[in-house]
Amino acid sequence: MEKKNIIWILSLSIIIILLTAMFAVMLYQSREAPDGSHNISREDSSAFSTVSPPSGLPETDRDGGLADTRRDTSPHTEEDSGLAAFLAKQDAIADEMLKKMQIEASGNISLDFLYGILPLYQASANLSDNYLEHGGSNRELQDAAEDILEEQSEDTYEIQSLIRKLDRSGQKEKHNEQQFMKIYQTVVNSCQKMKETSADTIDSAFAQKIIQNFQAEIEIAEEILAHTDNMNVRKLAMDIIEDQTEEIRDIQHETL
């Protein structure tokens, strides 16, 4: 009986020792990972390296320095450069036109008209050529520019022929020449003031300038009709008024 008690006591002691050991192991593990998490592998930890910084804090580069977050805010785009080149050429054409329009009274009012209108015609042709060269996007304006380039070139030849004919004749036509030259100079001054443009596209810049040129041609043509009896000059003036009025109407319709 005493021997059985000793065996039972030993067994119970072993069980207590095992339970104590198990409890000690569990306590040790709980201290190593109090939040219940496991060791994180290198692959798992890489995921945390790409987490964005909290909002409001500056970004950093791979070396820990401040990242360069500046963006290219330059206003100069390819389209802006194309418009700038177009306007520069257009201004040069206008300057050349105004220079040639500085004429003196010749003693023949019809010659004054022809010499004065010629630079406008040449400029209209050059403006159209400039528009086509720089590739405006409006198909209707492109067609109009091609027509203007052809028509103004032909009319320029006609004007030059009339100038040679009147020069050879030696005819004088001084009646109201002073009044005509006064109005003519007013038109020249208006052309000078209209050089500045608020257009922001090649299409609108061309349309605005070519209409101004046509309006100047019409004003000069209307003035010469009130003073000359030369039939060739009168016919030319009436054709200018009719043709350019129609051109202005078409261009305004195409750009609205």
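Taking amide H as placed 1.01 Å from N in the peptide plane, the amide H of N108 sits under 5 Å from that of E173, each at least 5 places away or on another chain.
Separation of the alpha carbons by more than 24 angstrom is noted, of K100/K193; K99/K235; K165/K195; K172/K195, for K99/K235; K165/K195; K172/K195.
Considering only C-alpha atoms, what is the centroid distance from the stretch 128-158 to the stretch 162-183, in Å? Using only Cα atoms, the two centres lie 30 Å from each other. Rounded if a/c is under 1.5, else prolate if a/b beats b/c, else oblate: with a ≥ b ≥ c from the C-alpha gyration tensor eigenvalues square-rooted, which is the stretch 74-134? Verdict is prolate for the stretch 74-134.
Given their separation in residues at 0.36 nm each and the Cα-Cα distance between them, K193 and E140 gain 16.3 nm when the chain is fully extended. Peptide packing: for 167-176, 106-115, 153-162, 235-244, the average count of neighbouring Cβ atoms within 10 Å per residue gives the ranking 106-115, 235-244, 153-162, 167-176, highest mean first. A crude spin-label estimate for the pair E104 and T201, with each label 7 Å from Cα along the Cβ direction, gives 4.7 nm. Counting Lys and Arg as +1 and Asp and Glu as -1 over every other residue whose Cβ lies under 14 Å from the Cβ of N108, the net charge comes to -1. As a rough footprinting exposure proxy, the listed residues M26, M194 were ranked by other beta carbons within 10 Å of their own, and the order from fewest upward is M26, M194. Estimate the FRET efficiency between E133 and T186 by the formula 1/(1 + (r/R0)^6), using the beta-carbon distance for r and 30 Å for R0, to the nearest 0.05. Step by step, r from the Cβ atoms, then E = 0.40.
Between S161 and A92, the modelled labels are 3.2 nm apart [label points 7 Å from Cα along Cα→Cβ].
Laboratory data are not the source of any read-out in this text; all were calculated from the coordinates shown. This is a predicted model, so every value here is computed, not measured. Ideal geometry is used to build each Cβ from the backbone, glycine not excepted, and the neighbour counts take in all protein chains shown.
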